[in-house]
Amino acid sequence: MAMDTILDVFFEKVFAKLPRGALVSRYKREELSDYLGTVIVGCVGAEQVTAQEAAGRAVCAALRYHAATKDANGGVCLKGKFHDILYVVAKLAYDWELRDGHTVARLLRDMHACEGTFERLVVGAIVGTRVSHLLSGWKSEFADREENVQAVEFFMRHADEQRLLFGHGPGAPGRRFADVPMRACGGLTAAAMALDVGKAAPGCPQVDTLTLLLRHGATIDFPDRESVDESRATPADVLLSKILDFRERCPGEPYPAEAVACLRVLLRAQPSAADSALLRHCPELVLGLAAADGAPLLPASRAGGTPPELKHLSRCAVRRRLLAAGGLPRGIPRLDVPVGLQRYLDLELD
């Protein structure tokens, strides 16, 4: 078709002549994205195709070019503009709300095959665009942290719907989009970094990103982090240590709202926090932590003092089954249960 021809000629005759570093600057990538958007609009009017079809063709044209240059180099990505074009069309897919899951899946597979990570897509949603530039040397395609969060949800939703798994080593099982480690961040997963972000970007809100990731069944792991007894730190340990450190530094002051909110969301997503090393070694300190209204930050039912509520254990069990079936969180509204219970299953309620 004419649009495919136009795009292929552009990549072969125009894009191929650009310098290798032509897309390093964000504004250059924006210019190319704007050009492709113009082609989409023109072809919608001239070829009687929908905007969705035209946007999908634009993304596919870039994927063909990336694959051709990679094949011509013995299967090794040439990096530079040859790889950066993937981020141009990633922004294009997001801007046009591309619904073609197979095309978005191809895009994500190509990104991961060359980089082994999705940190360029994800980090901005956790620490914001300025800090992400310092961490990865790459300015996010998306305007601010809020748009980054929306973009992460867009790509994670497509990856989950397509049941994508990404390898991370010989013989290792594949990981879902949300659980692919970020190399520039010490190998942490996105959810683990969202818990730990306070050290990298003090004051940066992260509870919305953490909630989004946990709703999609993200796992939290700190493979190289030790707790007080040299055992591996649990997610609850990371948050509790932040709160205890704050109490020591600022006695009498209210605890950081983001840390408290993250702890509440975390306790909704896991059966219990009784495996916390801090809880084992200093139970009086941990159990003595209370919110402004006097309620304990770590209720007895989550600290091992009493069994967790049957309703909460049922939530965890249902979410595990939905996750295994690739239906988290999009499968929750399909359950024949009251809306309030759907919200409970989707981690909106304690």
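The values are calculated or read from the model by the stated rules, or taken from the named source; none is laboratory data. If you're wondering where the values come from, they're calculated on a predicted model, not measured in any experiment. All Cβ positions, even for glycine, are placed from backbone atoms using ideal geometry, and neighbour counts span all protein chains on display. Only protein heavy atoms, including side chains, enter the accessible area calculation; ligands, DNA and RNA are left aside. Shrake-Rupley method; radii C 1.70, N 1.55, O 1.52, S 1.80 Å.
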To the nearest 20 debye, what is the magnitude of the charge dipole of the stretch 228-350 about its Cα centre, counting +1 on the Cβ of each Lys and Arg and -1 on the Cβ of each Asp and Glu? 640
Taking Cα atoms, the helix 235-249 axis meets the longest principal axis of the chain at an angle in degrees (rounded to 10) of 70
Rounded to the nearest 500, the 222 nm mean residue ellipticity computed for the chain from DSSP H runs (n ≥ 4, each -39500 (n - 2.57)) alone is -18000 deg cm²/dmol
Return one number: the angle in degrees, 0 to 90 and rounded to the nearest 10, between the long axis of the Cα atoms of helix 119-136 and the longest principal axis of the Cα atoms of the chain. 90
Per the 1/(1 + (r/R0)^6) rule, R0 = 25 Å and r from the Cβ atoms of E253 and E146, FRET efficiency to 0.05 is 0.35
Quick one: among C316, C43, C282, which has the greatest mean-square fluctuation in a GNM of the chain with alpha-carbon springs under 10 angstrom? C282
Taking Cα pairs under 8 Å and at least six residues apart, what relative contact order does the chain come out at, in percent? 11
Most fluctuating of L266, L134, L323 in the GNM of the chain (C-alpha, under 10 Å) is L134
Grab the beta carbon distance between C282 and R334, set R0 = 41 Å, and tell me the FRET efficiency rounded to 0.05. 0.40
Keeping every protein chain present and rolling a 1.4 Å probe, give me the accessible area per residue for the chain in Å². 47
Can you classify the chain as rounded, prolate or oblate using the Cα gyration tensor, where a ≥ b ≥ c are the square roots of its eigenvalues, rounded means a/c under 1.5, and otherwise it's prolate if a/b beats b/c and oblate if not? prolate
Full-stretch length increase - E31, L165 - with 0.36 nm per residue and alpha-carbon distance subtracted: 45.0 nm
Of all GluC sites (Glu not before Pro) in the stretch 67-170, the ones in DSSP coil with at most 16 other Cβ atoms within 10 Å are E97
Taking a ≥ b ≥ c as the square roots of the eigenvalues of the Cα gyration tensor of the stretch 96-157, is the shape rounded (a/c under 1.5), prolate (a/b larger than b/c) or oblate? oblate
On the formula 1/(1 + (r/R0)^6), with r taken between the Cβ atoms of K79 and V9 and R0 of 22 Å, the FRET efficiency rounded to 0.05 is 0.40
Assigned charges on the beta-carbon of Lys, Arg, Asp, Glu; the chain dipole about Cα centre (debye): 580
Using a ≥ b ≥ c from the Cα gyration tensor of the stretch 17-161 (square roots of the eigenvalues), is it rounded, prolate or oblate, where a/c under 1.5 gives rounded and otherwise the larger of a/b and b/c decides, a/b for prolate? rounded
Considering the options G331, A184, V104, tell which one lies farthest towards the positive end of the dipole of the chain, charges being +1 on Lys and Arg and -1 on Asp and Glu at the Cβ, about the Cα centre. V104
The aspartates and glutamates whose Cα lies under 15 Å from the Cα of K139, excluding any fewer than 8 residues away in the same chain, are E30, E31, D84, E119, E147
Helix 190-200 sits off the longest principal axis of the Cα atoms of the chain, rounded to the nearest 10 on a 0 to 90 degree scale, by 70
Please list, ordered by chain and number, the residues whose modelled amide H lies under 5 Å from the amide H of L188; skip anything fewer than 5 residues away on the same chain. M182
Where nothing but the Cβ of Lys and Arg (+1) and of Asp and Glu (-1) is charged, how large is the charge dipole of the stretch 1-110 around its Cα centre, in debye to the nearest 20? 520
Would you work out which of A72, C262, V44 lies farthest towards the positive end of the dipole of the chain, given +1 charges on the beta-carbon of Lys and Arg and -1 on that of Asp and Glu, about the Cα centre? A72
Checking the cross-link filter: which aspartates and glutamates have an alpha carbon closer than 17 Å to that of K13, excluding same-chain neighbours under 8 positions apart? D4
